[in-house]
Amino acid sequence: MAVTNDIKSLLPHREPFLFVDEIVSCDENGSVSTRKFTENDFFFKGHFPEYPVVPGVILVETMAQAGGAALSFQKKFDDGSLFFLGTVDKVKFKNQVRPGDTVRMEITNLRVSKRMIKQAGKAYVGDTLCAEAEWMCLVGSAN
């Protein structure tokens with residue numbers, strides 16, 4: 001059972017660039033979220049039409065969105081805060097994610113402050129590790 005699936009209240013992203021369906025669990029140490037990719041996702045038309053695969057950069061973005069949404073859900077930042085991806089490190093792609101796959105993102109909070117987030121994440125389909133990365137986001141506002 002999800003903690004929340006009201007992701008639009010937690011992130012400024014919107015379709016077609018919102019990649020979190022629900023937050024399954026979260027605490028100060030990290031979170032677990034999911035996203036089901038479908039044949040309707042825009043990038044499958046070109047990556048690749050004969051053998052559609054979720055682009056690696058989308059998997060990294062999905063993990064970063066999941067981590068930010070969970071922190072927003074826990075009210076770690078001022079309302080209206082935006083997260084700007086600053087660095088991406090230690091990225092590894094281990095397995096493909098295809099249309100119809102539900103990805104489970106397991107995020108670990110490495111450091112969280114009012115101005116900066118450092119997280120690590122792993123993306124799984126079932127028990128299969130598909131991607132992993134570390135990233136840092138700067139926290140700001142639209143003003």
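The values are calculated or read from the model by the stated rules, or taken from the named source; none is laboratory data. From a predicted model like this one, the values you see are computed outputs, not experimental measurements. Because the Cβ atoms are built from the backbone with ideal geometry, glycine has one as well, and the counts that use them run over all protein chains shown.
From the list K92, K114, the one residue that fits, being modelled with pLDDT under 95, within 20 Å of C137 (Cβ to Cβ) and surrounded by fewer than 17 Cβ atoms within 10 Å (Cβ to Cβ), is K114. Just one of the listed residues (G56, G80) is surrounded by fewer than 20 Cβ atoms within 10 Å (Cβ to Cβ), small (G, A, S) and touching a Phe, Trp or Tyr at 6+ places or on another chain (Cβ under 8 Å), and it is G56. If you go through region 102-143 and keep only what is among the hydroxyl-bearing types (S, T, Y) and within 13 Å of A64 (Cα to Cα), you end up with just T108. Looking only at residues in region 35-50 that are assigned to a helix (DSSP H, G or I) and free of Cβ contacts under 8 Å to residues at least 40 places away in the same chain, which one is farthest from R111 (Cα to Cα)? For region 35-50, the residue satisfying everything is K45. If the condition is being in contact (Cβ under 8 Å) with a residue 24 or more places away in the chain, part of a loop (DSSP other than H, G, I, E, B) and in contact with a strand residue (DSSP E or B) (Cβ under 7 Å, 6 or more places away or on another chain), then region 3-20 contributes V3, P12, F19, V20.
Screening V24, V32, V60, V53 for residues that are among the β-branched types (V, I, T), under 15 Å from K122 (Cβ atoms) and either in a loop (DSSP other than H, G, I, E, B) or over 12 Å from the mean Cα position of the chain (by Cα) (or both) leaves exactly one candidate, V24.
The set of residues in region 104-121 being assigned to a strand (DSSP E or B), of a type in the set (D, E, K, R) and in contact (Cβ under 8 Å) with a residue 24 or more places away in the chain consists of R104, E106. When you scan region 27-42, do you find a residue that is surrounded by 15 or more Cβ atoms within 10 Å (Cβ to Cβ), within 26 Å of N95 (Cβ to Cβ) and modelled with pLDDT under 95, even just one? Looking for residues that are surrounded by 15 or more Cβ atoms within 10 Å (Cβ to Cβ), within 26 Å of N95 (Cβ to Cβ) and modelled with pLDDT under 95, one finds none in region 27-42, hence no.
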